[in-house]
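Down below is the structure, laid out as structure tokens.
The values are calculated or read from the model by the stated rules, or taken from the named source; none is laboratory data. As the structure is a computational prediction, the values presented were derived from the model and not from experiment. Virtual Cβ from ideal backbone geometry, glycine too; neighbours counted across all protein chains shown. These area figures cover heavy atoms from the full protein model, side chains too; ligands, DNA and RNA do not enter into them. Shrake-Rupley method; radii C 1.70, N 1.55, O 1.52, S 1.80 Å.
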Amino acid sequence: MSASVNQTDAGAAAPAKPPLEILLCAPRGFCAGVVRAIDVVERALALYGPPVYVRHEIVHNKYVVESLKRKGAVFVAELDEVPDGTAPVIFSAHGVAKTVPQNAVARGLTTIDATCPLVTKVHREAEIHHKRGRHVLLVGHSGHPEVVGTMGQLPKGSITLVEDVEQIEALEPESRDNLAWVTQTTLSVDDTRHVVEALKRKFPTIVGPHKDDICYATTNRQEAVKQVAPLVDALIVVGSSNSSNSQRLREVAERVGCPITRLVNRAEDVDWEAFSNIRRLGLTAGASAPEVLVEEIIDAFATRYEVTVDTVSTTTEDMVFPLPRELRSEAAE
Ligand code: SF4
């Protein structure tokens, strides 16, 4: 021990760091819906001045939420925490039940909807099925805000949540020949395929989307992880634990046999013990995780390893969603 201290004191070269190749998945990180939702809060702050209220986390990422809080956004769980007045209330990217904007309008609140257009598309699908007299089965995860919002598009009793294949066995809807299905946008592509196949087996006349409602960003990030995970000793997904698409990315890596998979918020959350003997690391980020946190993690590995970084790209993305109309003129300024 003292020998190593003396060596350092004498300015001798530090022991060489072990090599580590990082394979960066592409696409990764922010999707068009998240970029739009964050823009909505920032534009609203510029237009109305702080505070602006945001019902639920605008996107599921702590870093994003904390940085918007510092700019004057106030996050609330429910509308009754928003005081009467002119400060606007923004609905998060995950979407809300119909009663939420109705209650806001009844109170005279100014509302801005940051629901991702791809979630709104699922809402409209569910509504159309309902108008045509079909009972809707929503494939998704109980309790997720997007599921709460989609269930809340239709009257109680006209939409049923299906979480997995096992639940389908027990499903006995009244009108089994008049059914439709829709899905949450951030599910596992493979799990959902199995659930939909089971639905079609049990209810051959059920109607639904051509493939599913899983969004392009979720699909592309899972595909990139499928390519990278078999090539690496460990894979890190940058994202928050309440982010559905981030959790699914870690599961995808685990299922293709990656021995070590972790979902981490930031570099300070990395379990260094688990990564002590690796030579190749896969790195991706959920759709709500900013690139700065990916860079932070690469920098943290670079203090312990001689790092080289390569990108494995499975597709490119150019999706952009326009801001809500009420913010567009401000956006142009
Ligand atoms: S993950 Fe998909 S559905 Fe969710 S905000 Fe991004 S693009 Fe929209």
For segment 63-92, give me each residue that is open to solvent by less than 20 Å² (accessible area, probe 1.4 Å), part of a loop (DSSP other than H, G, I, E, B) and touching a Ser or Thr at 6+ places or on another chain (Cβ under 7 Å).
Pro88
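For segment 97-115: of the residues being in contact with a Pro (Cβ under 8 Å, 6 or more places away or on another chain) and among the hydrophobic types (A, V, I, L, M, F, W, C), which is nearest to Ile38 (Cα to Cα)? Break it down into steps so the answer makes sense when it comes.
First, the residues of segment 97-115 that are in contact with a Pro (Cβ under 8 Å, 6 or more places away or on another chain): 109-114.
Checking the rest, the ones that are also among the hydrophobic types (A, V, I, L, M, F, W, C) come to 109, 112, 114.
On the way: Leu109: 21, Ile112: 12, Ala114: 8 Å.
Across segment 97-115, the extreme among qualifying residues is Ala114.
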Pick from segment 43-62 the residues that are open to solvent by 60 Å² or more (accessible area, probe 1.4 Å) and in a helix (DSSP H, G or I): which of them is nearest to Pro324 (Cα to Cα)?
Arg43
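Of all residues in segment 93-105, which are within 25 Å of the chain's Cα centre (by Cα) and assigned to a helix (DSSP H, G or I)? Steps first, answer last, please.
Start the filter on segment 93-105 by keeping residues that are within 25 Å of the chain's Cα centre (by Cα), which leaves 93-101.
The answer is Thr99, Val100, Pro101.
If a residue must be within 16 Å of the ligand (Cβ to nearest atom) and open to solvent by less than 20 Å² (accessible area, probe 1.4 Å), how many such residues does segment 138-185 contain? Please lay out each step first, then the result.
Applying the first criterion (within 16 Å of the ligand (Cβ to nearest atom)) to segment 138-185 yields 138-141, 144-150, 153, 182-185.
Subsequent filtering for residues that are open to solvent by less than 20 Å² (accessible area, probe 1.4 Å) retains 138-140, 146-147, 149-150, 153, 182-185.
The number of residues fulfilling the criteria is 12.
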Of the conditions (1) in contact with a Leu (Cβ under 8 Å, 6 or more places away or on another chain); (2) open to solvent by 30 Å² or more (accessible area, probe 1.4 Å); (3) touching a residue at least 40 places away in the same chain (Cβ under 8 Å), Leu20 clears all except one; give me its number.
(2)
List, please: which pairs have Cβ atoms under 7 Å, are six or more places apart or on different chains, and start with a residue in segment 25-40 that is within 22 Å of Leu283 (Cβ to Cβ) and end with one that is within 11 Å of the ligand (Cβ to nearest atom) and among the hydroxyl-bearing types (Ser, Thr, Tyr)?
Val34/Ser288
Answer from Val237, Val196 - the residue that is surrounded by 16 or more Cβ atoms within 10 Å (Cβ to Cβ), part of a helix (DSSP H, G or I), among the aliphatic types (A, V, I, L, M) and modelled with pLDDT of 95 or more:
Val196
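Determine whether segment 179-189 contains at least one residue that is more than 27 Å from Gly157 (Cβ to Cβ), part of a helix (DSSP H, G or I) and free of Cβ contacts under 8 Å to residues at least 60 places away in the same chain. Spell out the reasoning first.
Going through segment 179-189, the residues more than 27 Å from Gly157 (Cβ to Cβ) turn out to be 188-189.
Pick out the ones that are also part of a helix (DSSP H, G or I) and you get 189.
Applying the additional criterion that residues be free of Cβ contacts under 8 Å to residues at least 60 places away in the same chain yields 189.
Yes, there is a match, as at least one residue in segment 179-189 is more than 27 Å from Gly157 (Cβ to Cβ), part of a helix (DSSP H, G or I) and free of Cβ contacts under 8 Å to residues at least 60 places away in the same chain.
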